[in-house]
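The values are calculated or read from the model by the stated rules, or taken from the named source; none is laboratory data. Keep in mind that this is a model prediction, so the values were computed, not measured. Every residue, glycine among them, receives a Cβ derived from its backbone with ideal geometry; neighbour counts consider all protein chains shown. For the accessible areas, the whole protein counts, side chains as well, though only heavy atoms, and no ligand, DNA or RNA atoms are used. Shrake-Rupley method; radii C 1.70, N 1.55, O 1.52, S 1.80 Å.
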Amino acid sequence: MRYPSVLMVCGTLTFMLAGCTTNEQVEPKEPTTQSSTIDEPQTEPNEPTSDQEEVETESQTDEETTESESEVEEEPAEPSTTEEPTIPVQPIEIGGVANLDLEELILVNKQIALPANYQPSDLVEAKIDFVDSSVGDRRMMRKEAARAIESLMSDAKAAGIDLKGTSAFRSYGYQVTLFNAYVERDGKEQAMKYSAPPGHSEHQTGLAIDVSSASVNYQLTQSLGETVEGKWLADHAHEYGFIVRYQKAFEEETGYMYEPWHLRYIGTKHAKEVHTLNQPFDRYIEEYMK
Ligand SMILES: [Zn+2]
(Lines give C-alpha, C1' and ligand atoms only; values in the text may rest on other atoms or scores of the structure.)
Protein backbone atom coordinates (compact mmCIF):
# COMPACT_ATOMS: atom_id res chain seq x y z
CA MET A 1 0.00 0.00 0.00
CA ARG A 2 1.37 3.32 -1.05
CA TYR A 3 -1.02 5.53 0.84
CA PRO A 4 1.19 6.44 3.81
CA SER A 5 3.99 7.63 1.59
CA VAL A 6 1.64 9.38 -0.78
CA LEU A 7 0.04 11.20 2.12
CA MET A 8 3.42 12.26 3.41
CA VAL A 9 4.34 13.60 0.02
CA CYS A 10 1.03 15.39 -0.18
CA GLY A 11 1.64 16.91 3.20
CA THR A 12 5.08 18.22 2.46
CA LEU A 13 4.32 19.44 -1.01
CA THR A 14 0.95 21.02 -0.28
CA PHE A 15 2.27 24.52 -0.92
CA MET A 16 4.04 23.61 -4.12
CA LEU A 17 1.55 21.31 -5.80
CA ALA A 18 -2.01 22.43 -6.29
CA GLY A 19 -3.73 19.18 -7.16
CA CYS A 20 -2.03 16.48 -5.15
CA THR A 21 -4.43 13.64 -4.67
CA THR A 22 -4.18 10.19 -3.20
CA ASN A 23 -5.24 8.63 -6.47
CA GLU A 24 -3.00 7.07 -9.07
CA GLN A 25 0.50 8.42 -9.04
CA VAL A 26 1.38 6.91 -12.39
CA GLU A 27 2.72 10.16 -13.73
CA PRO A 28 4.31 11.91 -10.78
CA LYS A 29 4.44 15.64 -11.17
CA GLU A 30 7.86 17.13 -11.45
CA PRO A 31 7.99 20.17 -9.24
CA THR A 32 11.29 21.35 -10.73
CA THR A 33 10.02 22.00 -14.22
CA GLN A 34 7.76 25.03 -14.33
CA SER A 35 6.08 24.24 -17.64
CA SER A 36 5.19 20.64 -16.90
CA THR A 37 1.48 21.33 -16.60
CA ILE A 38 0.49 20.81 -20.21
CA ASP A 39 -3.21 20.60 -19.53
CA GLU A 40 -3.57 24.09 -18.19
CA PRO A 41 -0.84 26.30 -19.57
CA GLN A 42 -2.73 29.50 -18.75
CA THR A 43 -2.48 28.90 -15.03
CA GLU A 44 1.07 30.18 -15.05
CA PRO A 45 0.63 33.93 -14.90
CA ASN A 46 4.31 34.63 -14.46
CA GLU A 47 5.29 33.70 -18.00
CA PRO A 48 4.11 36.40 -20.33
CA THR A 49 6.86 35.76 -22.85
CA SER A 50 5.85 32.23 -23.81
CA ASP A 51 3.72 33.09 -26.81
CA GLN A 52 4.51 29.86 -28.58
CA GLU A 53 2.98 27.79 -25.84
CA GLU A 54 -0.34 29.51 -26.25
CA VAL A 55 -0.41 28.62 -29.92
CA GLU A 56 0.38 25.00 -29.29
CA THR A 57 -1.69 24.29 -26.25
CA GLU A 58 -2.58 20.80 -27.46
CA SER A 59 0.80 19.58 -28.58
CA GLN A 60 3.21 18.39 -25.97
CA THR A 61 6.06 20.85 -25.97
CA ASP A 62 8.37 18.96 -23.71
CA GLU A 63 11.64 20.62 -23.05
CA GLU A 64 12.93 17.68 -21.06
CA THR A 65 12.24 14.96 -23.66
CA THR A 66 14.32 15.97 -26.62
CA GLU A 67 12.75 13.76 -29.23
CA SER A 68 13.98 15.75 -32.16
CA GLU A 69 13.60 12.75 -34.41
CA SER A 70 9.87 12.48 -34.03
CA GLU A 71 8.77 16.07 -34.35
CA VAL A 72 5.78 15.10 -36.37
CA GLU A 73 2.61 16.76 -35.12
CA GLU A 74 1.35 13.71 -33.31
CA GLU A 75 -1.35 13.75 -30.72
CA PRO A 76 0.18 13.32 -27.30
CA ALA A 77 -0.63 9.98 -25.81
CA GLU A 78 -3.46 10.46 -23.35
CA PRO A 79 -4.14 7.15 -21.63
CA SER A 80 -7.47 8.31 -20.24
CA THR A 81 -9.11 8.87 -23.61
CA THR A 82 -7.87 5.94 -25.65
CA GLU A 83 -10.47 3.33 -26.53
CA GLU A 84 -8.42 0.35 -25.53
CA PRO A 85 -6.10 1.51 -22.79
CA THR A 86 -2.97 -0.46 -22.29
CA ILE A 87 -3.31 -1.90 -18.84
CA PRO A 88 -0.05 -1.58 -16.96
CA VAL A 89 1.47 -4.67 -15.44
CA GLN A 90 -0.16 -5.28 -12.10
CA PRO A 91 -1.01 -8.13 -9.76
CA ILE A 92 -3.83 -10.40 -10.89
CA GLU A 93 -4.86 -11.09 -7.32
CA ILE A 94 -4.21 -9.90 -3.83
CA GLY A 95 -4.50 -12.60 -1.17
CA GLY A 96 -6.81 -14.74 -3.28
CA VAL A 97 -9.07 -11.82 -4.17
CA ALA A 98 -9.27 -10.71 -7.78
CA ASN A 99 -7.73 -7.40 -8.78
CA LEU A 100 -10.75 -5.42 -9.95
CA ASP A 101 -8.53 -2.86 -11.64
CA LEU A 102 -7.84 -5.33 -14.42
CA GLU A 103 -11.29 -4.49 -15.76
CA GLU A 104 -12.17 -6.81 -18.67
CA LEU A 105 -9.03 -8.84 -18.02
CA ILE A 106 -10.05 -9.64 -14.46
CA LEU A 107 -9.14 -13.17 -13.47
CA VAL A 108 -11.59 -15.22 -11.46
CA ASN A 109 -11.08 -18.95 -11.05
CA LYS A 110 -11.08 -21.74 -8.48
CA GLN A 111 -8.35 -20.02 -6.48
CA ILE A 112 -9.19 -16.37 -7.04
CA ALA A 113 -12.54 -14.99 -5.87
CA LEU A 114 -14.37 -11.74 -6.25
CA PRO A 115 -15.25 -9.74 -3.16
CA ALA A 116 -18.66 -10.96 -1.96
CA ASN A 117 -20.20 -7.51 -2.28
CA TYR A 118 -18.78 -6.87 -5.74
CA GLN A 119 -21.18 -5.87 -8.45
CA PRO A 120 -20.07 -4.06 -11.61
CA SER A 121 -21.31 -0.48 -11.77
CA ASP A 122 -22.05 -0.47 -15.50
CA LEU A 123 -24.41 -3.43 -15.84
CA VAL A 124 -26.89 -3.07 -18.67
CA GLU A 125 -29.36 -5.43 -20.27
CA ALA A 126 -27.95 -7.43 -23.15
CA LYS A 127 -30.51 -6.95 -25.90
CA ILE A 128 -30.43 -10.46 -27.30
CA ASP A 129 -32.85 -13.38 -27.33
CA PHE A 130 -32.81 -15.33 -24.10
CA VAL A 131 -34.06 -18.86 -23.65
CA ASP A 132 -36.07 -17.91 -20.60
CA SER A 133 -37.91 -14.63 -20.96
CA SER A 134 -37.97 -14.13 -17.21
CA VAL A 135 -34.29 -14.27 -16.32
CA GLY A 136 -34.37 -10.76 -14.83
CA ASP A 137 -30.99 -9.40 -13.81
CA ARG A 138 -29.33 -12.41 -15.38
CA ARG A 139 -29.80 -10.61 -18.70
CA MET A 140 -27.35 -8.02 -17.50
CA MET A 141 -23.75 -7.65 -18.55
CA ARG A 142 -21.18 -4.92 -18.29
CA LYS A 143 -21.87 -2.38 -20.99
CA GLU A 144 -18.98 -3.26 -23.29
CA ALA A 145 -19.65 -6.98 -23.05
CA ALA A 146 -23.38 -6.46 -23.64
CA ARG A 147 -22.73 -4.54 -26.85
CA ALA A 148 -20.28 -7.25 -27.93
CA ILE A 149 -22.71 -10.14 -27.37
CA GLU A 150 -25.41 -8.21 -29.23
CA SER A 151 -23.05 -7.89 -32.16
CA LEU A 152 -22.09 -11.57 -31.99
CA MET A 153 -25.72 -12.70 -31.86
CA SER A 154 -26.71 -10.43 -34.70
CA ASP A 155 -23.95 -11.74 -36.97
CA ALA A 156 -24.65 -15.33 -35.91
CA LYS A 157 -28.28 -14.91 -36.89
CA ALA A 158 -27.28 -13.47 -40.26
CA ALA A 159 -25.07 -16.53 -40.80
CA GLY A 160 -27.99 -18.85 -40.04
CA ILE A 161 -26.65 -19.73 -36.61
CA ASP A 162 -29.38 -20.05 -34.01
CA LEU A 163 -28.20 -19.09 -30.54
CA LYS A 164 -29.86 -17.70 -27.46
CA GLY A 165 -28.58 -16.45 -24.15
CA THR A 166 -29.22 -18.59 -21.09
CA SER A 167 -27.85 -16.38 -18.35
CA ALA A 168 -25.23 -13.70 -17.92
CA PHE A 169 -24.77 -11.79 -14.66
CA ARG A 170 -25.08 -13.70 -11.41
CA SER A 171 -25.00 -11.88 -8.12
CA TYR A 172 -23.15 -13.30 -5.16
CA GLY A 173 -26.44 -14.05 -3.44
CA TYR A 174 -27.72 -15.97 -6.41
CA GLN A 175 -24.51 -18.01 -6.54
CA VAL A 176 -24.98 -18.98 -2.90
CA THR A 177 -28.47 -20.30 -3.65
CA LEU A 178 -27.36 -22.08 -6.80
CA PHE A 179 -24.26 -23.70 -5.35
CA ASN A 180 -26.05 -24.89 -2.24
CA ALA A 181 -28.68 -26.53 -4.42
CA TYR A 182 -26.00 -28.34 -6.45
CA VAL A 183 -24.20 -29.52 -3.33
CA GLU A 184 -27.49 -30.77 -1.94
CA ARG A 185 -28.16 -32.71 -5.11
CA ASP A 186 -24.72 -34.07 -6.07
CA GLY A 187 -22.41 -33.53 -3.10
CA LYS A 188 -19.73 -30.88 -2.82
CA GLU A 189 -16.97 -32.70 -4.68
CA GLN A 190 -19.10 -33.29 -7.74
CA ALA A 191 -20.66 -29.84 -7.62
CA MET A 192 -17.21 -28.25 -7.60
CA LYS A 193 -16.50 -29.80 -11.01
CA TYR A 194 -19.26 -28.01 -12.86
CA SER A 195 -20.16 -25.10 -10.64
CA ALA A 196 -18.21 -22.39 -8.92
CA PRO A 197 -18.47 -21.80 -5.19
CA PRO A 198 -19.90 -18.36 -4.37
CA GLY A 199 -17.54 -15.55 -5.35
CA HIS A 200 -15.67 -17.75 -7.78
CA SER A 201 -18.06 -17.48 -10.69
CA GLU A 202 -17.06 -15.44 -13.71
CA HIS A 203 -20.73 -14.59 -14.07
CA GLN A 204 -20.36 -12.20 -11.12
CA THR A 205 -17.97 -10.09 -13.22
CA GLY A 206 -20.73 -9.21 -15.67
CA LEU A 207 -18.36 -10.35 -18.42
CA ALA A 208 -19.59 -13.92 -18.87
CA ILE A 209 -22.63 -15.40 -20.55
CA ASP A 210 -23.92 -18.90 -21.17
CA VAL A 211 -25.50 -19.48 -24.56
CA SER A 212 -27.19 -22.42 -26.20
CA SER A 213 -29.01 -23.52 -29.30
CA ALA A 214 -32.26 -25.15 -30.41
CA SER A 215 -30.27 -28.10 -31.75
CA VAL A 216 -29.54 -29.14 -28.16
CA ASN A 217 -32.91 -27.93 -26.85
CA TYR A 218 -31.20 -24.89 -25.36
CA GLN A 219 -29.55 -27.05 -22.72
CA LEU A 220 -26.11 -26.38 -21.31
CA THR A 221 -24.62 -29.58 -22.56
CA GLN A 222 -21.22 -30.54 -23.90
CA SER A 223 -22.83 -31.80 -27.09
CA LEU A 224 -23.34 -28.16 -28.05
CA GLY A 225 -19.69 -28.28 -29.06
CA GLU A 226 -20.50 -30.81 -31.78
CA THR A 227 -23.22 -28.73 -33.37
CA VAL A 228 -22.78 -26.13 -36.10
CA GLU A 229 -23.69 -23.48 -33.55
CA GLY A 230 -21.06 -24.65 -31.08
CA LYS A 231 -18.46 -24.82 -33.81
CA TRP A 232 -19.38 -21.37 -35.03
CA LEU A 233 -18.86 -20.06 -31.49
CA ALA A 234 -15.48 -21.76 -31.18
CA ASP A 235 -14.41 -20.27 -34.51
CA HIS A 236 -15.85 -16.76 -34.23
CA ALA A 237 -16.38 -15.74 -30.60
CA HIS A 238 -12.93 -14.15 -30.41
CA GLU A 239 -13.81 -11.76 -33.23
CA TYR A 240 -16.25 -10.16 -30.80
CA GLY A 241 -13.94 -10.20 -27.80
CA PHE A 242 -15.14 -13.48 -26.28
CA ILE A 243 -13.36 -16.72 -25.55
CA VAL A 244 -14.79 -20.16 -24.94
CA ARG A 245 -13.29 -20.11 -21.49
CA TYR A 246 -13.40 -23.77 -20.45
CA GLN A 247 -12.10 -26.05 -23.17
CA LYS A 248 -11.74 -29.79 -23.10
CA ALA A 249 -7.95 -29.59 -23.31
CA PHE A 250 -7.85 -27.18 -20.35
CA GLU A 251 -9.90 -29.26 -17.92
CA GLU A 252 -7.00 -30.25 -15.72
CA GLU A 253 -5.49 -26.78 -15.67
CA THR A 254 -8.68 -24.84 -15.00
CA GLY A 255 -10.39 -27.44 -12.85
CA TYR A 256 -13.54 -27.00 -14.90
CA MET A 257 -15.21 -29.42 -17.25
CA TYR A 258 -15.54 -28.52 -20.89
CA GLU A 259 -18.19 -25.83 -21.28
CA PRO A 260 -18.75 -24.97 -24.94
CA TRP A 261 -21.58 -22.66 -23.83
CA HIS A 262 -19.64 -20.40 -21.47
CA LEU A 263 -18.33 -17.25 -23.12
CA ARG A 264 -16.12 -14.79 -21.34
CA TYR A 265 -15.51 -11.27 -22.60
CA ILE A 266 -11.89 -10.07 -22.53
CA GLY A 267 -11.92 -7.61 -25.44
CA THR A 268 -11.08 -8.33 -29.06
CA LYS A 269 -7.34 -7.72 -28.82
CA HIS A 270 -6.80 -10.29 -26.09
CA ALA A 271 -9.49 -12.69 -27.30
CA LYS A 272 -7.75 -12.95 -30.65
CA GLU A 273 -4.44 -13.64 -28.94
CA VAL A 274 -5.88 -16.25 -26.59
CA HIS A 275 -7.62 -17.88 -29.54
CA THR A 276 -4.40 -18.03 -31.53
CA LEU A 277 -2.32 -19.25 -28.59
CA ASN A 278 -5.05 -21.73 -27.67
CA GLN A 279 -4.29 -21.64 -23.97
CA PRO A 280 -6.35 -21.14 -20.81
CA PHE A 281 -7.04 -17.50 -19.98
CA ASP A 282 -5.55 -18.12 -16.52
CA ARG A 283 -2.16 -18.91 -18.02
CA TYR A 284 -2.42 -16.18 -20.62
CA ILE A 285 -3.12 -13.40 -18.12
CA GLU A 286 -0.47 -14.61 -15.70
CA GLU A 287 2.10 -14.39 -18.48
CA TYR A 288 0.74 -11.08 -19.73
CA MET A 289 1.00 -9.42 -16.31
CA LYS A 290 4.53 -10.62 -15.62
ZN1 LIG B 1 -21.18 -19.96 -17.47
Put +1 on the Cβ of every Lys and Arg and -1 on every Asp and Glu Cβ in the stretch 93-288; which of A159, F242, L102 then has its Cα farthest towards the positive end of the dipole?
A159
If the limit is 21 Å between Cα atoms, which of K127/K164; K110/K272; K143/K193; K127/K157; K248/K272 go over it?
K110/K272; K143/K193
Which cross-chain or sequence-distant (5 or more) residues have an amide H under 5 Å from the amide H of Q219, H modelled 1.01 Å from N in plane?
S213
Per-residue accessible area, 1.4 Å probe, largest first, puts I94, I266 in the order I94, I266
Given H placed 1.01 Å from N in the peptide plane, which residues other than close sequence neighbours of N99 have an amide H under 5 Å from its amide H?
E93, I94, L107
Students sometimes get this wrong: rank R245, R142 by accessible area, probe 1.4 Å, all chains present, largest first.
R142, R245
Pull up all non-local amide H partners of F130: gap of 5 or more, or a different chain, and H-to-H distance under 5 Å with H placed in the peptide plane.
G165
The stretch 93-288 - percent of accessible surface contributed by carbon and sulfur, probe 1.4 Å:
48
Bin by bin, in steps of 10 Å, what percent of the Cα pairs in the stretch 93-288 do you find, going until the bin that has the longest distance?
9, 38, 41, 12, 0
Based on Cβ point charges of +1 for Lys and Arg and -1 for Asp and Glu, what charge dipole magnitude is obtained for the stretch 172-247 about its Cα centre, in debye rounded to the nearest 20?
180
Mind listing the phi-derived Karplus ³J(HN,Hα) values for the stretch 198-204, rounded to whole Hz, using 6.51, -1.76 and 1.60 with θ = phi - 60°, and x for any glycine or proline?
x, x, 9, 8, 5, 5, 6
With all distinct Cα pairs included, what does the Kirkwood hydrodynamic radius of the stretch 177-290 come out to in Å, to one decimal, could you say?
14.8
Put V216, V228 in order of accessible area, largest first, probe 1.4 Å, and you get V228, V216
Under the Karplus curve 6.51 cos²θ - 1.76 cosθ + 1.60, θ = phi - 60°, whole-Hz ³J(HN,Hα) for the stretch 211-221, x wherever Gly or Pro sits
10, 8, 9, 4, 5, 10, 6, 6, 8, 8, 10
Roughly speaking, what is the centre-to-centre gap between the stretch 222-290 and the stretch 193-212 when only Cα atoms are used, to the nearest Å?
14
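Can you give the charge dipole size of the stretch 93-288 about its Cα centre, rounded to the nearest 20 debye, using +1 on the beta carbon of Lys and Arg and -1 on the beta carbon of Asp and Glu?
Approximately 300 debye in magnitude.
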